[in-house]
There are 2 protein chains.
Amino acid sequence: MDQGSLAERLGRYLPLGEAERRALAALEEGERTVARGAVLRAEQAVAREFYVVRKGWLYSSVMLPEGNRQILGFHLPGDLAGDAALPWSHAPFSLTAATEVTVRVVDRTSLRGLFERHPRLALSLHALAQVERTALAERLASVGRSSAMSRVAALLVDLWRRLARAKLIPPEGVILPLTQEEIGDAVGLTAVHVNRMMRRLVETGLIARDGMRLRVLNEAGLARIGNVGGREGTPDFGWLPATAG
Amino acid sequence: MDQGSLAERLGRYLPLGEAERRALAALEEGERTVARGAVLRAEQAVAREFYVVRKGWLYSSVMLPEGNRQILGFHLPGDLAGDAALPWSHAPFSLTAATEVTVRVVDRTSLRGLFERHPRLALSLHALAQVERTALAERLASVGRSSAMSRVAALLVDLWRRLARAKLIPPEGVILPLTQEEIGDAVGLTAVHVNRMMRRLVETGLIARDGMRLRVLNEAGLARIGNVGGREGTPDFGWLPATAG
DNA sequence: CGATGATTTGAGTATTATCAATGGTAGTGG
DNA sequence: CCACTACCATTGATAATACTCAAATCATCG
């Protein structure tokens, strides 16, 4: 199946019929590739479309008036990006390429047809949005109520697990295409402090680093430090209507 | 129209047809009232339903292992609550009554019928979920990247504006049914520090308090301190299909 | 090789948390 | 009506966490 497609992503949660796969594939119109560091869509830009990440990483962020940046989330292959802009004419946050990234473009008006002809897919998309929302809530809890160590650990576990699910982790570890400043902007810390925390995680033997390459040596331990729950949260799409065509 | 109903809420964003109003009303099945402080649905409880707030306030929260609590958001009349649990069999966070609160119960499986028969409403619900998601993102930015003063100010402006939109603010000010500890749990501060910040906001003349009653004297100033944007973010549901019956 | 940007480390500071004590207010039961 | 309790707000004093500033090291790329 198409690597990083919407069909592949939704297929993780529920079985899809042939017609449904085709409908999803038809959504993804143009393809666009942007270089590392480039902004795919800026905050406040006109936003009539959203994206499906095919290859590479993206992150969404907002800038505060004093020049601080908050990174809201990272979008890996198979993730949607920019769909939170649906109910606005202008993007509430910007999308930036953490690596060179390839996305498929989905015009928001094409959701009308999808919702009319494929209610089951519509419901799945809705449920998927709620998954993202829960992830955001968990990040908020981490940033609002945990120590610096915790926050960094939580972010690393989250990324590690998502990458693992998407089968993107080779045995020698994964390349985290993030500066420590970006990590800091994601968890609400300065780059300097992120450095100290990562360093301590290495000393403790929980992770290993080599340049940008990261290996989690003790996922359970890292999860504990990060206050990250275990497997309670397996998505349950079983209540959706049974597979159509 | 039914105060705090889903129809009233969605009607704020787009015109609804008669059939659509009926379909929305049909969703809301039982009614339930719980006392201030009571838990409507606990974290990890089986979650096959979600709620529409009719009267009173609710908040959703998660507990961290060390006993810290993060309040994720407040649900005012007309808001959905617990809908983020859709893709899970067990609730990712708990719902607590901040005041005595009355909710209508919606079984998640009844969404199937709605999505099949009313794609336009389905799309609206989806868009509404994205609105909530954006609010969460803004809170994250506030907690992650602003000072204590900012965070408290941002929360107050947010609540104030939402209450104003729902026409729930009498001229003498609104009763915030929140302890300073709850405010702290929402913005990632201790109750003690929340107290100091609120006190300073009063000294500065931005707000006035009398017991639990709050009045915002200078909304623009409070918004500036809170790093809260102005009117950029007016929802745009204009791209949805035109009104059906 | 020089230039640019990221990481690393140290020293001092600031913001926010923690601890502790006091006063206020509402509710309860006698 | 009053004691009594419980919870919340307030304030001060102290401690800890994370930030700021600064400089040195490293890595990468033309």
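The values are calculated or read from the model by the stated rules, or taken from the named source; none is laboratory data. All figures in this text were calculated on a predicted structure; none of them were measured in a lab. Cβ atoms come from the backbone with ideal geometry, glycine included; neighbour counts cover every protein chain shown. Ligands, DNA and RNA are stripped out before the accessible areas are found, and what is left, the full protein with its side chains, is counted by its heavy atoms. Shrake-Rupley method; radii C 1.70, N 1.55, O 1.52, S 1.80 Å.
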*Can you tell me which residue in the range A:195-227 is farthest from DNA strand C (Cβ to nearest atom), limited to those that are open to solvent by less than 50 Å² (accessible area, probe 1.4 Å) and assigned to a strand (DSSP E or B)?*
A:216
*Selected residue (criterion: farthest from the other protein chains (Cβ to nearest Cβ)) from residues of the range B:137-155 that are within 16 Å of residue A:187 (Cα to Cα) and open to solvent by less than 20 Å² (accessible area, probe 1.4 Å)*: B:142
*If only one of B:136, B:159, B:140, B:155 is in contact (Cβ under 8 Å) with a residue 60 or more places away in the chain, within 16 Å of DNA strand D (Cβ to nearest atom), within 29 Å of residue A:155 (Cα to Cα) and in a helix (DSSP H, G or I), which one is it?*
B:155
*asked:* I need the full set of residues from the range A:47-79 which are of a type in the set (Gly, Ala, Ser) and assigned to a strand (DSSP E or B), in order please.
replied: A:60, A:61, A:73
*For the range B:171-191, enumerate the residues that are β-branched (Val, Ile, Thr) and assigned to a loop (DSSP other than H, G, I, E, B).*
B:179, B:190
*Kindly indicate which of A:173, A:233 is in contact with a His (Cβ under 9 Å, 6 or more places away or on another chain) and not assigned by TED's automatic domain parsing to the domain that holds residue A:101.*
A:233
*Residues (touching a Gly at 6+ places or on another chain (Cβ under 9 Å), open to solvent by 50 Å² or more (accessible area, probe 1.4 Å) and more than 9 Å from chain B (Cβ to nearest Cβ)) located in the range A:42-69*: A:49, A:55
*So residue B:65 fits all but one of (1) touching a residue at least 24 places away in the same chain (Cβ under 8 Å); (2) on the phi < 0 side of the Ramachandran plot; what number is the exception?*
(1)
_Filter result (β-branched (Val, Ile, Thr) and at the interface with chain A (Cβ under 7 Å from one of its Cβ atoms)) within the range B:88-133_ = B:109, B:131
*asked:* When the residues of the range B:175-185 are narrowed to those that are under 19 Å from residue B:135 (Cβ atoms) and more than 12 Å from DNA strand C (Cβ to nearest atom), which ends up nearest to the other protein chains (Cβ to nearest Cβ)?
replied: B:182
*With the checklist (1) open to solvent by 10 Å² or more (accessible area, probe 1.4 Å); (2) facing chain A (nearest Cβ under 10 Å) in hand, flag the one item residue B:32 doesn't pass.*
(2)
*Restricting the search to the range B:80-123, which residues are open to solvent by less than 10 Å² (accessible area, probe 1.4 Å) and in a strand (DSSP E or B)?*
B:81, B:95, B:97, B:101, B:103, B:106
